[in-house]
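Notes follow once the structure below has been shown.
The values are calculated or read from the model by the stated rules, or taken from the named source; none is laboratory data. This structure is a prediction, so every number in the text was calculated from the model and none was measured. Every residue, glycine as well, gets a Cβ built from its backbone with ideal geometry; the counts of neighbours run over all protein chains shown.
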Amino acid sequence: MKLTKYNKKRDFNKTKEPKGIEKKSKSKNLSFVIQHHLARKDHYDLRLEYKGVYISFAVPKGPSFKTTDKRLAVRVEDHPLSYGNFEGTIPKGEYGAGTVMLFDKGTWQPYKDKKVDFTNGPVKFSLNGKRFKGKWALIKFKDDNWLLIKEKDEFVKNTNINKFKTSIKTGRTIKEIEKNITPLDNSIKLTNPQKIIFKKEKITKEDIFNYYKLIGDRMMPFLDNRLISTVRCPNGNLSNTFFMKHLNSESPYLGKKLLKNKDEEKSEYYYIKDINGLLSEVQMNSFEYHIWGSKQNKLKSPDILVFDLDPDEKLSLESVRNGVKDLKKILDNLNLKSYLKTSGGKGYHIYIPLKSTSWKKCEQIAENISSLMVLNHPDKYTTNMRKEKRNKKIFIDYFRNKEGATSVAPYSLRLKEGATISCPIKWSELETIKPNSITIKNIKDRLKKKNPWEDFFC
């Protein structure tokens, strides 16, 4: 099999690269693709369709537009034709780990000698792509090492390949691909953009739309592939909102998941695929986002544990901050790395990333830690949900850690007075940032600083 070597080098449970399956194209024309591959060594991959696979060459400096340049081209394993659409990241530890950008694509054909010899060469061919056109030659000189040379024609030019910075597929830079930033779909249009949502603050639907557009690259890792519930505000009246957790509209940017309840009744839940899904939800007046603690393709394996510290209204801010500190001490003693964010309301939230576990274990851990808080300080904390039991106490809400439960997503707007944000902060900022002090109007300054949760999923 031509693709045996390709398949042996990859673990398809880890990489999103396509599996190696030989498949002849239905087109009469032969395709080619050039991919910019920012790996351990930056290079370009030239792939020429031939007999059901891509004959592939790694070109360290990339193809040249000049006839005077002789570029090294190293023959590597054949690739499947489906690789011609691949763009994304290959995880660390995997073969070819790094970022792949679709740099050029089109058709190719041999010229002069119609018999193509990829064993001994030479191979003379012409390209008809978006960026590369005209004649080239591949000359073999030793083992798998070839030379890629531009031949004289009307497409010779004094242009450096580095002038092209973006993907021909998505328009993204290599850094945007690395961060999984999806290009915006300009076809998503707002209806009633000037509708006032927050009357006192004079914040419009368009302001909210622009906020989520701005925050997308930081927020999407927490929305990506997770079932969600949203809070909708259809009439611009904050007193008339409702939770939305079932899919009631079709969108190419939304995914759906069919789940059964206790009565075996089926309901369609949904998740946001990318930034365009988030913006399309804003268009539908969904302004606040709550997420599951597991991904939809691994529903039984939570990867986030959440504590919500919800104080009685009589308590001082100092008491709330001391409660956060008490909880962090326990987490530190258990070697659980934790992350802090404002709730956008009265308290703070603490998130803990998890590796392979079950909902039962997740809930048990959360309950044990919360019970320990109450045991150590019964006069300060409670795990009783009833508000009358919270008199001068902080409610340690660990119930967010059950299958099907949700917590407000990092960077989500809260539909509360002030247009507050549930915003990730550094632990060192606990004493200076109030739970409701970060708003849609002042968050821009924070985004200029390093992301405090940058390593959350690492």
ask   = Got a sec? Which of LYS444, LYS426 is within 30 Å of SER301 (Cβ to Cβ), surrounded by fewer than 18 Cβ atoms within 10 Å (Cβ to Cβ) and not small (Gly, Ala, Ser)?
value = LYS426
query = Residue check: is THR432 among the polar types (S, T, N, Q), in the same structural domain as LEU278 (by TED's automatic domain parsing) and out of contact with any strand residue (DSSP E or B) (no Cβ under 6 Å at 6 or more places or on another chain)?
reply = yes
request  = Could you check how many residues of region 370-391 are surrounded by 11 or more Cβ atoms within 10 Å (Cβ to Cβ), out of contact with any Leu (no Cβ under 7 Å at 6 or more places or on another chain) and among the aliphatic types (A, V, I, L, M)?
outcome  = 3
key: Subset of region 94-129 [of a type in the set (Lys, Arg), touching a residue at least 12 places away in the same chain (Cβ under 8 Å) and over 30 Å from ASN7 (Cβ atoms)]   = LYS112, LYS124
note = Matching residues in region 209-232 (closer than 28 Å to CYS458 by Cα and part of a helix (DSSP H, G or I)) number 13
query = What are the residue pairs meeting all of these: first residue in region 360-378, first residue of a type in the set (Asp, Glu) and in a helix (DSSP H, G or I), second residue surrounded by 17 or more Cβ atoms within 10 Å (Cβ to Cβ) and modelled with pLDDT of 95 or more, Cβ atoms under 7 Å, and 6 or more apart or on different chains?
reply = GLU363/ASN401; GLU367/TYR398
note = Given the conditions (1) among the hydroxyl-bearing types (Ser, Thr, Tyr); (2) free of Cβ contacts under 8 Å to residues at least 24 places away in the same chain; (3) closer than 22 Å to ASP455 by Cβ, every one holds for TYR339 apart from (2)
note = ARG226 fails exactly one of (1) exposed (fewer than 15 other Cβ atoms within 10 Å of the Cβ); (2) assigned by TED's automatic domain parsing to the domain that holds GLY418; (3) among the charged types (D, E, K, R), namely (1)
key: Meets criteria (loosely packed, with under 13 Cβ neighbours inside 10 Å and free of Cβ contacts under 8 Å to residues at least 40 places away in the same chain) for LYS355   = no
note = Among residues of region 256-288 being among the acidic types (Asp, Glu) and under 30 Å from TYR211 (Cβ atoms), the residue surrounded by the fewest Cβ atoms within 10 Å (Cβ to Cβ) is GLU268
ask   = Only one of (1) assigned to a loop (DSSP other than H, G, I, E, B); (2) under 26 Å from LYS124 (Cβ atoms); (3) in contact with a strand residue (DSSP E or B) (Cβ under 8 Å, 6 or more places away or on another chain); (4) of a type in the set (Ser, Thr, Tyr) is not met by THR15, so which one is it?
value = (2)
Residue count for region 99-156, restricted to those that are over 41 Å from the mean Cα position of the chain (by Cα), of a type in the set (A, V, I, L, M, F, W, C) and modelled with pLDDT under 95 = 2
message = Considering only residues that are closer than 30 Å to LYS24 by Cβ and buried (at least 18 other Cβ atoms within 10 Å of the Cβ), which ones fall in region 64-74?
response = ARG71, ALA73
ask   = Restricting attention to region 233-255, does a residue exist that is part of a helix (DSSP H, G or I), of a type in the set (A, V, I, L, M, F, W, C) and crowded, with 18+ Cβ neighbours inside 10 Å?
value = no
inquiry  = Given the criterion out of contact with any Lys or Arg (no Cβ under 7 Å at 6 or more places or on another chain), outside any strand (DSSP E or B) and among the polar types (S, T, N, Q), identify the matching residue among THR107, THR68.
reply    = THR68
message = Tell me yes or no: at least one residue of region 333-352 is in the same structural domain as GLU403 (by TED's automatic domain parsing), surrounded by fewer than 16 Cβ atoms within 10 Å (Cβ to Cβ), of a type in the set (A, V, I, L, M) and part of a helix (DSSP H, G or I).
response = no
key: Residue under evaluation SER267, criteria (1) in a loop (DSSP other than H, G, I, E, B); (2) in the same structural domain as ASN285 (by TED's automatic domain parsing); (3) of a type in the set (S, T, N, Q), criterion not met   = (1)
query = Before we move on, is VAL53 crowded, with 18+ Cβ neighbours inside 10 Å, of a type in the set (A, V, I, L, M) and at pLDDT below 95?
reply = yes
inquiry  = If the requirement is being assigned to a strand (DSSP E or B) and in the same structural domain as SER31 (by TED's automatic domain parsing), which of these qualifies: PHE118, PHE141?
reply    = PHE141
ask   = Which residue pairs have Cβ atoms closer than 6 Å, lie 6 or more positions apart in sequence or on different chains, and pair a first residue in region 61-88 that is closer than 27 Å to LYS179 by Cβ with a second residue that is among the hydrophobic types (A, V, I, L, M, F, W, C) and part of a helix (DSSP H, G or I)?
value = GLY62/ILE161
task = Looking for whichever is among the β-branched types (Val, Ile, Thr) and at pLDDT below 95 here; the options are THR406, THR432, THR342, THR357. Which one fits?
result = THR357
remark   = If we ask which residues in region 161-191 are assigned to a loop (DSSP other than H, G, I, E, B), without any contact (Cβ under 8 Å) to a residue 24 or more places away in the chain and at negative phi, their number turns out to be 4
